[in-house]
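*Asks:* Below are the structure tokens for one structure; questions will follow.
What follows is calculated from the coordinates using simple rules that are stated; it is not laboratory data. Note that the structure is a prediction, hence the values are computed from the model and not measured. Note that each Cβ is placed from the backbone with ideal geometry, even for glycine, and that neighbours are counted across all protein chains shown.
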């Protein structure tokens, strides 16, 4: 062993050529930051869902928007079960696991339709609200506002889309801190608006509740207007009205995307996130929409058809200047949420397409990286082009966009619910921290009665929407088929390429690896009071990593994951990571995401693993070394080798530094203290 150690690339006891995987140094967020990210997308529907519903079936709209918000609690529970099953989840992953690649491609096509239309409906709505505000403010300065609200909305929406297109090309990401600030501001505005609305209602002699029965317009009936028995105001009419209100559920998929970043403990924090989202949506989207229906006189409602919350502010009891100030706050808060949703649409679309690309069903042409910024700019270009085209085709009509938007929202949640039902039978033994309520246990299967009821509801709404929403059906189906064909062709081309060409090992950018010349430079990045070093080598044998992640608090502990590659005769600059090495760290990253803990992965080359572990532990002043058991040698031999390596690294004149070497395996562990 001593002869081997003499050839190690060391200088003064310091290990050279250390690779640090910076993309794996995960940063996890609290439940309220996660809730803020979701609400900046989900909550933005408060500004247009009531208007779209009212345009479809009249004065009964607040009951149905409120009903959709109650149903949101049901769908949040469905997503909670799927999130806990798949840390990197979402509709695509869940459907793929349940129904295979073909159905997954269909589901992600519908989801992309949802994401792409998120941008136009949000930016156009923000433009309409802002245009209405300017029409009220400018006359105070002696200026007229001759521009049509919809023309202004189109110009504003295109400007916002171009801005976020450029920002995403450059790699600017969403900030959870900004989302929190936006939701905090919106919450303050909502409290003022709700309080003032209640005061206004108290000043009136009588309050008339909105009618409960919907009166669907010919446009809202779609193809069913030629089918007399479907026009009845019975259960079918309620399903139609519910389908025209379902657009208020937009943004739920964001919960699946943000779950991977949720800090430990995952399940309790996910529950808090879901409860926060549900309470906010009931009060803000459901409550404010209902107050708008009560406060705004019926004869004034048409003029606020696409600017309902702004209209609510202007119909409050009080001086005109005060009401105008309230409208300004409403528009500012709405613009912040809606414009943020535009960025979410880019970020979400690009993320979904890159997730699909990892499965090899998107051609490399689409995945080409920007030469300067390193982003998948062609995917971003496609999303931006589709959004700008949608804005121009809609002419600033949010009702038109909303009709199409509902297609992607509804189909994505329907696919997700069906997949969760199938997975109950396909993966009955998989551990679930949470199951959607109302189950009957039959053998080892929890038969999903509750999920099945939810699916029947969704399926009835899907069927009715296909008949009543012409634009959504034609546009959504066409879009989904086009993307499905692209996925199919890309997959076949990738399969042929894989047969003709050798595997591409040049994937360093995916791991975002940097090389340091001295391990002590890595030590300077560690700030916590305790440090644990975890050597790994087998992606399928990470029990010891799981033990540390489950039992240690990363608020006061740096968790360093070390992979030491065995190699002899090393020369500086020749070291590269292989696919096997990357696979180890992919498993490490996935496990860290599962537990919501931050890890710092590093990779070194050595011709003696125990000596390299000792070097790294010594240089980083680790308090513990936690190893997995070796089936070839056993725990006692491992600890003996570790103690010998530590003795060779530790110099007598150095101050005493105690480190505990621990070997962990299923249900057992053995330790030895070294100094």
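*Asks:* Order these by the 10 Å Cβ neighbour count, fewest first: 490, 245, 460.
*Replies:* In order of increasing Cβ crowding within 10 Å: 460, 490, 245.
*Asks:* If you find the alpha carbon centre of the range 545-565 and of the range 604-646, how far apart are they in angstrom?
*Replies:* Taking the Cα centre of each part, the range 545-565 and the range 604-646 sit 15 Å apart.
*Asks:* Now for a separate question. For the range 326-343, list residues with backbone N below 20 Å from a point placed 7 Å from the Cα of residue 181 toward its Cβ?
*Replies:* Hits in the range 326-343 for residue 181 at 20 Å: 329-343.
*Asks:* Just order 97-108, 72-83 by mean Cβ neighbour count inside 10 Å, highest at the front, would you?
*Replies:* Descending packing order for the listed peptides: 72-83, 97-108.
*Asks:* Label points 7 Å out from Cα along the Cβ direction at residue 668 and residue 550: separation in nm?
*Replies:* 1.7 nm
*Asks:* So what is the relative contact order of the chain, in percent, for Cα pairs below 8 Å that sit 6 or more residues apart?
*Replies:* In percent, rounded to a whole number, it is 25.
*Asks:* So how far apart, in nm, are the two label points at residue 392 and residue 636 if each is 7 Å from Cα heading toward Cβ?
*Replies:* Spacing of the two 7 Å Cα→Cβ label points: 7.8 nm.
*Asks:* Sorted by average packing, counted as other Cβ atoms within 10 angstrom per residue and highest first, what order do 439-452, 199-212 take?
*Replies:* Answer by packing, highest mean first, reads 439-452, 199-212.
*Asks:* For the range 322-429, just say rounded, prolate or oblate: build the C-alpha gyration tensor, square-root its eigenvalues into a ≥ b ≥ c, call rounded for a/c under 1.5, and beyond that prolate if a/b exceeds b/c, oblate if not.
*Replies:* In terms of gyration-tensor shape, oblate.
*Asks:* Arranged by the count of other C-beta atoms within 10 angstrom, fewest first, what order do 586, 675 take?
*Replies:* Exposure proxy ranking, most exposed first: 675, 586.
*Asks:* Here's a follow-up. Match the structure shown to one of the listed values [x] -0.43, -1.28; [y] -0.36, -1.12; [z] -0.41, -1.11 of log10 I(q)/I(0) by the Debye sum over Cα atoms at q = 0.06, 0.11 Å⁻¹, computed from it, and give that label.
*Replies:* [z]
*Asks:* Identify the residues of the range 457-490 with backbone N under 15 Å of a label point that sits 7 angstrom from the Cα of residue 103 along the Cα-to-Cβ direction, or state none.
*Replies:* Under 15 Å, as judged by backbone N against the label point of residue 103, lie 459 of the range 457-490.
*Asks:* Another question, then. Using only the Cα atoms of the range 581-675, build the gyration tensor, take square roots of its eigenvalues as a ≥ b ≥ c, and label the shape rounded, prolate or oblate: rounded if a/c is under 1.5, else prolate if a/b is larger than b/c, else oblate.
*Replies:* prolate
*Asks:* Figure the gain on full extension for residue 515 and residue 355 (residue separation times 0.36 nm, minus the Cα-Cα span) and round it to one decimal in nm.
*Replies:* 54.9 nm
*Asks:* Additional query: Can you tell me the mean projection area, over all orientations, of the convex hull of the range 32-418's alpha carbons? Units nm², please.
*Replies:* Here the figure is 20.4 nm², rounded to one decimal.
*Asks:* Kindly express, to the nearest 10 degrees and within the range 0 to 90, the angle between helix 31-42's C-alpha long axis and the longest C-alpha principal axis of the chain.
*Replies:* That helix lies at roughly 40 degrees to the long axis.
*Asks:* On a 0 to 90 degree scale, rounded to 10, what angle separates helix 377-394 from the longest Cα axis of the chain?
*Replies:* That helix lies at roughly 10 degrees to the long axis.
*Asks:* Continuing with the same structure: Given the -39500 (n - 2.57) contribution per DSSP H run of 4+ residues, what per-residue ellipticity at 222 nm results for the chain, rounded to the nearest 500 deg cm²/dmol?
*Replies:* -19500 deg cm²/dmol
*Asks:* Same structure, new question: Is the C-alpha gyration tensor of the range 184-334 telling us rounded, prolate or oblate? Criteria: a/c under 1.5 is rounded; beyond that, a/b larger than b/c is prolate, otherwise oblate.
*Replies:* oblate
*Asks:* With N set to the residue count of the range 77-220, report its C-alpha Rg divided by 2.2 N^0.38 Å to two decimal places.
*Replies:* The reported ratio for this selection is 1.50.
*Asks:* Roughly what angle does helix 635-649 make with the longest principal axis of the chain, taking Cα atoms, 0 to 90 degrees, to the nearest 10?
*Replies:* 80 degrees
*Asks:* Determine, for 273, 375, 414, the number of other Cβ atoms within 10 Å of each Cβ, and report the residues in order from fewest to most.
*Replies:* In order of increasing Cβ crowding within 10 Å: 375, 414, 273.
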